[in-house]
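Contents: one structure, followed by commentary.
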């Protein structure tokens, strides 16, 4: 699912027009301080079961953090992400996405420890039903 979700995002011209290919799992690349950027984190991924056993579906919760040097840059990156994934269903790289929905959105700022600058962040929580 991780590779497929990144492929879905990187495949959108509007989003990559803003963040390029700076879409990564776990953390922003320390090799570049270029912003805006998008960071994906899987928070949980419980499996679905029925009376016969595992159904093969997973309900993953993914946090998407959109970083920018300005509030507008972070917010615009988040809007581009949401335009790609909100309500999405389809198959990407062999992963079947039953449905991707937005559960919540929040804004905050944080100080970047190694550069001493403040970053704006729009964070989006997704619920993703997909096949294993």
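We did not get these values from a lab; they are worked out from the coordinates using the rules stated. What you see is a predicted model, and the numbers here were worked out from it, not measured in a lab. As a convention, Cβ positions derive from the backbone with ideal geometry for all residues, glycine included, and neighbour counts pool all protein chains shown.
Relative to the longest principal axis of the Cα atoms of the chain, helix 71-85 runs at roughly 20 degrees. Note on residue 132 and residue 51: the model spin-label points, each 7 Å out from Cα along the C-beta direction, lie 2.1 nm apart. In the chain, the calculated helix contribution to ellipticity at 222 nm averages -7000 deg cm²/dmol per residue, counting -39,500 (n - 2.57) for every DSSP H run with n ≥ 4.
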